[in-house]
Structure formats: structure tokens, C-alpha cells
Amino acid sequence: MNKAWQVAKVMIIELKRDRAAWVSMLLVPVLLTLIMGVLFGGFSSGERKSKIPVIDHDQSRYSKLLIKQLKKEPAFLIVKGEEKKARDDIRKGKIAAAIIIPDGFGEALRQGKETDLNVIQLKSSGQAIGISQIMDGLAIRYSTNSTTAASTLNVLKLSGKVFPDQEEKNWTNTFDASDKAWETPPVTVKSTSLKASEVRGEKTLATGFSQTSMGFTITFVMFMVVMGATTLLEERQKNTLGRLLTTPTKKASILSGKIMGIFMTGAIQAAILILVGRFVFQVDWGRSPLQLLFIMSVFIFSMAAMGILISSLVRTLAQANSISPVIIISLAMLGGCYWPIEITPPFMQKAANGIPTGWMMRGLTDLIVRGRGWDAVLVPSVIIFGFGVVFLSVGLVFLRFE
Amino acid sequence: MKLLTVALKDVKITVRDREALLILLAMPFIIIAILGLALGETFSGSPRLSKYDVAVVDKDKGELAKLFIDKTLKSDDLSRLLKVTEMTEDEARKLVSMGDLAAGIIIPKGFSEKIKRGEGGKLEVIGDPGQKIRAAIVEGITRSFARRVSAVTIGVKTPLNILVESKAISPLELPATTGLLTKEARSAVTKPFIRVQEETKAAERGLSAIQYYSAGMAVMFILFSAMFGAVSLIDERHNMTLARLLTTPSRNSSILGGKLVGVFFIGILQFSALVLATRLMFGVQWGNSLPGLVVLVVSTVLASTGMSIFIAAAAKTTKAAAAMSQVLIQGMAALGGSMVPLQAFPDWLKNISQFTINYWAMNGFTQLMNGKSFEVIILPSIILLSFCVIFLSLGIWRFRFE
């Protein structure tokens, strides 16, 4: 056991010296997490303002009022636009949507006649869906205001309470009164995100960030651990393993030492990643460090086993270095590390249940996002551990030392 | 001639290397297939989610709750997306917090009654933070319903206040007027005379996920062949075969040139194979301009060839080269649109994207796929060639043979 420990220790010392590993283990993850966080952050929350041009062909009191209300939308930056340029920008994918208020909008509103509000939007843009909903809301608001003003005026006229020269003013006043009522609408919706344990008090970065950070951290932990495991091949190539075998150290000690070393170097790197995520990007890693540690350890073991399996099946380190990223990226994509699994078709969601990353994402989502406890990590951990055992057994059968 | 001999030798080695072929061809193909399957629906239109369960807690049992559940949530339109199950609040909270349900809607007791009396009300949506998109959709639907109820309330209350204040109606007339106003307000909501016209534009013509990622992954995996090239150069330096070659009458330039031409040939073979395979297996259209496609493929492969010597010059060991390549490949792929479509990028990030090989290659390929003619690839090709020149000069300047 002591000798196994020595073997493991050497690997950790080597890790400290290996600058290349540090680059790939910190720079790439941090970079990618940042990029993806920025991209997907806007997907579910509006911390990034997107520019929406409004083209006002009407230039009436009401079109201006509408624009004023649009400007209050926190997620969008409403700017004055020009129709041709806006259409061009949408076609080029530069902006998500544009709003066109047609000529005669104000007049139609006054008369209670049908009129349009045009939204030009980019296909499959999350922001465009948001703007449509806002416009739908405003259309109802203005229709109601106009109807209200008209019916009030009608009744007033019938009862002779309004002079003809005051009709216009009366209509406007009612419209404004009705519009003002919308500032505090009578029916509201309270929306809450439910966590199994409601303990989150601290402000975190956009939630989209958390999901992608989680996915990317898992991906990079896989990279580190699997690539770390394939250094076995390097030793075989340099024949240092063969040399070790000539010493009185038993094969079992060497192997268990190697596995321990792979596991520990992976754990150290994962810990650094999680801490960087936590303190630099303020990723919410939940309030259950113990459970996180547990499922992470199981995952690292399983991935170390996968690395050993890969090492046993390929011939050179170069091969391992090239095949591993592809396996890792495929597993990450299928498991839902790169995008929310809910946007994929049902059979892909089922496929995620057949791979360790799918279970890891499920466990972490339950643990961190939903705030559940041990019950959330237990089943995934057992399954991921099972994968690890299978990988390791197959790997050890095929692994050659020389 | 010697240059060609060296080049052909490298090509032969790669073509015979089954593992290399697996990585350069089979893996991108697999990833393209996964991406196409997972994201196919997301690309063609707004994300079409698979049908999911939603809890409704009807504590109201009134007219409005019935209207909302039967006419909105269970309408033909929505029943394609939502499966509504009525349950108690405790059940709903438990299931949502466990992540078993994406969202629940709670209609409070006496909701209909209060609205009828002209008072306000509050609907509640509880969502699973692990299924944000689904929860957000349920929230949007509920908000839209709340808005419609608000509209009727405002449409009745505002005129009544004004009419009563101005004594236009007597208390006796109040019920009749209220009835009339309700009817009008309702019609303003069910048939708002302001219609929001949506005009959806695909950025250029929309590409399917499999089309987009065929280009994205082909470009990304071309860079992997650059990594192979770099690793092989360093390997030869390490094994002293480069130094040995130098003792022969071959000049430095023919040897290095030969290696690079080899990388180039391999890249061309790889890209052509990927284009053909995606065309035959997935029916991916690579555009109508064969000359455009050829020029763009050549430029892309040249840029990646340049990158290989740059990496070989900058990294001392194969391990460092692999790590550096990972940073470069993953970083450029993420930033350049190989992983996430550029449309999703905010403006400032798009500016950074332009410093990647992937951006320009993707720019050209997607335009070709959109049926554009040869002109569109001129600018991307020139920029890709500049990448090649810059990488080549830096690489050759710094490259050491021993």
C-alpha cells in the first residue's frame, strides 16, 4: 500500500511541473465557460440588453406613447430605426427583431378600427419570442384603452353630459385613465422557482451561467481525468512501467498506485476548476458541498476508469490524445452538458440515461439547481460507479504493461 | 521532388493509420449526426419542445378558472404542448420541487369571485429551476391569461368610475351599463382590433442543424488534423528522424515543405471525405457553386496547415502541442461558430469571433449552403489565406529541426 502511495505521489509531483496540463486545464475551461455563459446567459434571462429598433411611420401621440412604454422593458434597448436597414440587419442576423408601427395607427386607435403592429423577427431567436409576447400585451392594452374610451364617450353622449367640442378631450382623458390603470394591473402573476430546500440567499450571476458552467466543468473534468489516465501510455512508451516491474514492487501496487494517482490529480484539477468557477465567475455550486464532493469523486473515478479503458485499447499516446477528446465531446453533448437537455427530442433525452454524463448532469441539476440532498445524488452515483467498474474491468483485461 | 516524396510518405502513413482515420473522419461524422439529431428541431423554427406535464391547482372552481383550464390550457393549440393534470397544491409543490414536473399553476380560492367584483387577483406559477425553458413557457401562458382578465377589469372599471363621477348614469342604470361595458371589454380582448403581425425571417435562408454542423464540425476537425501534423513534426524532432533526414542531401526547406504539403493533402482528403459523406448519408447540401466550395475548402485547409507548423514551432513536447491545440481548437471552435451559431452571439463577441479561422470558414460555407454564388467566398478565402501566411511565417521563423 505504501508503495502504491509513492507511485501516486510521483504523479501529483509531475502534475505540478507540467505546464501544458495547466494551460489546458485552466485556460480552456475558463475561456469556454465564459463564452458559453455569455451566449446561453441571454437564453433564459435578460441580463444582456438586445437592441430592438422601432420604426414609427405613424408619429402620433399614441405611437410615441407606445414607444415610451416599450422603452421600459428591461431586457431590450429600444432605439429609433429605419425600415430598410432593420430588415437588412435581421437578414444578416445582426439583430433579433424590429418593430414597425404603421402609418395611421393612432387614427385607427381613435376610431376603433383595425390596425396592425408589425414585428419582424429572426427565426429561432429566443429574444424574438420575448418581444412578440411584449407586443401582444401592448396590443391588448391599447385595444382595451381605445374600447374603454369609446364606450365611455358613447354613454356620455347619450346622456348629454359632454359638449361636442369636448368629445376629443374626453376620449383622450379616458384613454389615459385606462392606460394608467395598466401600471398596476388588477391581475398579476407571481412566479417562483421551487427549490427543494430554499436556502439560496446570495446573489449569483445569471442562471444560464450556472447551467453551462456545470456542464463545462463536467466536460473539463472528463478531459483532465481521461487525458491524465492516458499518461499510462507514455510510461509504457518510455518503458518506465516495465522498469518499475523489475523492482520488488508488485504489479498490483503499481496499478493501484497509478489509479490512485490518476484519481487524485483529477480531483485536484476538478477542485481548482470548481473553486475558480465559484469565486471568479460566482457559479452557484449549491449548498451541499458534501454531496457534491461525493458525486464528483464517483464521477472522477468512473472517468479515470474510462481513461484506462481507452489506454488499453489504443497503441500510442498520440492516438489516445486524439480519440479521447472526441469521445469526451460526444458524451458531453449527449449528456446535456452543452445545452439544456429539455430542448432535445425525446429519444435523445432517453439516450442521456444510457451514459455517465447524462446521469451526472441529472444528479448535479437535482443537487444544485433544485437544491435536493442525498436522495438526488445516490442513484446517479451508483450508476456512474457501475459504469466505472465496467470500464475498469474491461480496461485491466486489455491493458499491457510493455 | 523530394518535397513530394516526404509529403506522400506522410499521407500514406496517415491513410494506413486506422486510428487516425477513425478520429479524422468517423468522429466528426458521429458528432455531426448527434448534433443534427439533438438540435434539428431547434434549428428549424422556434424550439419545439416535446409534450410535457403541467400541474394545475384549481382552488377557485369558478368561472374564470374553468375558462383558463378548459379553453386555454386544454385548447387544441396548447394541448399539443402541455398535458394538464389537476392536483392539490401540496402535490404540485412536491412534484415541481423534485423536478418531476416542469411547472404548476395555482389559481387561488375566490379568484373568479373577486374579479367579478372588480377587485384584483393573483395567479401563481411555480417552476422547476432545472427546466427553465418549459417553466418560462407556462409562465408566459399564465401571464397572457392574466393580461386578458386585467383588460376586462380595466375596461369595465375605468369607464364606470368616470361615468359615475360625472353623474352620466344613475345608480339604477349601473347594472345595465356594467353588462354592456363587460361585453365590449370582452370583445376587445377576444378580438383585439390591434393585431400583432409577425413576420419571421430566417437569417438568410435557414440552415438545418445537420447542415450547419456539417460545416461547423468539418472546420473544427480540420484543425484536429493540424494538431496531428504538429504532433507528428514534434515526434520526428524528438525521435531525431528530422535530424537524420537533414544529414541526407535533402534541403531543410524540402523536408519541412514536404511535411506541410503532407498535412495539406491529408486535410483536403479529410474535408472532401466529410463533404461527400454528409452529402450521401444526411443529404447535406453544400451549395450550388462547386468552384466556390473547392476554393473555400482549399483556403480553410491551408489556414489549418499553417496552424500546424505554428503549433509545432511553439510547443516543445507533443504533450504541450496537444494542450496548445486543445486551447486553440476549442477556443476557435466556440468563438468562431462551430459549436454555437453566430446569430446567438452578442455584437462585441462577434467582433472577437472574426479573429478565428472557424468564423471565416463558417461564414463562407453557410453562405454557399444558402445558395449564394462564388463571390461570397472571396473575402473569407482571402482572410483564411492571410491566416495561413501569418501562421506559416511565424512557424517557419521559430521552427527548430533539433
Seminar exercise, completed: Rounded to the nearest Å, the spacing of the alpha-carbon centers of the stretch B:276-295 and the stretch A:134-159 is 57 Å
Problem set entry | Two-decimal log10 I(q)/I(0) for the stretch B:291-335, as the Debye equation yields it once each C-alpha is a single scatterer, q = 0.16, 0.23, 0.28 Å⁻¹ | -0.50, -0.81, -0.97
Exercise. At a probe size of 1.4 Å, how large is the accessible area of B:ASP77, to the nearest 10 Å²?
Worked result: 110 Å²
Problem set entry | Sparsely packed trypsin sites (Lys or Arg not before Pro) within the stretch A:306-402, loop by DSSP, other Cβ within 10 Å at most 10 | A:ARG400
Seminar exercise, completed: Here the whole-number average of other chain Cβ atoms within 10 Å per Cβ of B:183-193 is 5
For this session: Measure off, as a whole percent, the carbon and sulfur share of the 1.4 Å-probe accessible area of the stretch B:53-199, all protein chains present.
Result: 54 percent
Exercise. So for the stretch B:53-199: antiparallel DSSP bridges make up what percent, rounded to the nearest 5?
Worked result: 30 percent
Exercise. In percent, what relative contact order does the stretch B:53-199 have, based on Cα pairs under 8 Å that are 6 or more apart in sequence?
Worked result: 21 percent
Problem set entry | Span per principal axis, largest first, for the Cα atoms of chain B (Å) | 114, 46, 37
For this session: Take the cross-link list A:LYS80/B:LYS74; A:LYS258/B:LYS319; B:LYS12/B:LYS319; A:LYS161/B:LYS66 and give me the ones stretching past 29 Å between alpha-carbons.
Result: A:LYS80/B:LYS74; A:LYS161/B:LYS66
Seminar exercise, completed: Semi-axes of the stretch A:49-188 from the Cα gyration tensor (sqrt of 5 times each eigenvalue, largest first, whole Å) come to 33, 16, 11
For this session: Keeping every protein chain in place, order A:ILE259, A:ILE13, A:ILE218 by accessible area at 1.4 Å, biggest value first, i.e. largest first.
Result: A:ILE13, A:ILE259, A:ILE218
Problem set entry | Helix runs (DSSP H) in chain B reaching 15 Å along axis by Cα, Kyte-Doolittle at least -1.0 | B:2-16, B:27-43, B:132-165, B:174-190, B:209-238, B:252-282, B:290-314, B:318-336, B:357-369, B:378-398
Problem set entry | Simple spin-label estimate for B:LYS183 and A:ARG400 in nanometres, 7 Å along Cα-Cβ | 9.2 nm
Exercise. Mean separation of Cα pairs under 8 Å and 6+ residues apart, divided by the residue count of the stretch A:49-188: what relative contact order is that in percent?
Worked result: 21 percent
Problem set entry | Residue among B:GLY179, B:GLY104, B:GLY118 with the largest mean-square fluctuation in a Gaussian network model of chain B, springs linking Cα atoms under 10 Å | B:GLY179
For this session: Kindly rank B:51-57, A:112-118 from highest to lowest mean number of other beta carbons found within 10 Å of each residue.
Result: B:51-57, A:112-118
Seminar exercise, completed: Kirkwood Rh over alpha-carbon pairs of the protein assembly as shown plugged into Stokes-Einstein at 20 °C, 1.002 mPa s gives a D in µm²/s of 72 µm²/s
For this session: Average the reciprocal distances over every distinct pair of alpha-carbons in the stretch B:103-203, invert the result, and give the Kirkwood radius in Å.
Result: 16.2 Å
Problem set entry | Average beta carbon contacts from partner chains per residue of A:101-113, 10 Å cutoff | 1
Problem set entry | Rel. contact order, % - alpha carbon contacts under 8 angstrom, at least six apart, chain B | 19 percent
Exercise. So what is Rg over Rh here for the stretch B:1-101, counting just Cα atoms and using Kirkwood for Rh?
Worked result: 1.45
For this session: Could you work out how far apart the two model spin labels at A:ASP165 and A:LYS68 are, taking each label as a point 7 Å from the Cα in the direction of the beta carbon, and quote it in nm?
Result: 2.7 nm
Seminar exercise, completed: To the nearest 20 debye, chain B has a Cα-centred charge dipole, built from +1 on Lys and Arg Cβ and -1 on Asp and Glu Cβ, of 540 debye
For this session: Just tell me how shielded A:343-353 is by partners: mean number of partner chain Cβ atoms within 10 Å of each residue's Cβ, no decimals.
Result: 4
Seminar exercise, completed: Sorted on mean Cβ neighbours within 10 Å (highest first), peptides B:152-161, B:135-144 come out as B:152-161, B:135-144
Seminar exercise, completed: Each label sits 7 Å from Cα toward the beta-carbon; between B:GLU173 and B:GLU19 the label points are separated, in nm, by 9.2 nm
Problem set entry | Unsatisfied cross-links (Cα-Cα over 28 Å) in the set A:LYS92/B:LYS191; B:LYS157/B:LYS191; A:LYS72/B:LYS94 | A:LYS92/B:LYS191; A:LYS72/B:LYS94
Problem set entry | Nearest-0.05 FRET efficiency for B:SER373 and B:LYS51, computed from C-beta distance (R0 51 Å) | 0.75
Seminar exercise, completed: From highest to lowest solvent-accessible area (probe 1.4 Å; ligands, DNA and RNA excluded), B:ASP100, B:ASP58 read B:ASP100, B:ASP58
Exercise. Ignoring ligands and nucleic acids, what accessible area does B:SER272 show with a 1.4 Å probe (Å², nearest 10)?
Worked result: 50 Å²
Exercise. Just going by the charge dipole of the stretch B:261-402, with Lys and Arg at +1 and Asp and Glu at -1 on Cβ, which of B:MET362, B:GLN330, B:PRO341 is farthest out on the positive end?
Worked result: B:GLN330
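The values are calculated or read from the model by the stated rules, or taken from the named source; none is laboratory data. Small disclaimer: the values here were computed from a predicted structure and weren't measured. Every residue, glycine among them, receives a Cβ derived from its backbone with ideal geometry; neighbour counts consider all protein chains shown. Only protein heavy atoms, including side chains, enter the accessible area calculation; ligands, DNA and RNA are left aside. Shrake-Rupley method; radii C 1.70, N 1.55, O 1.52, S 1.80 Å.
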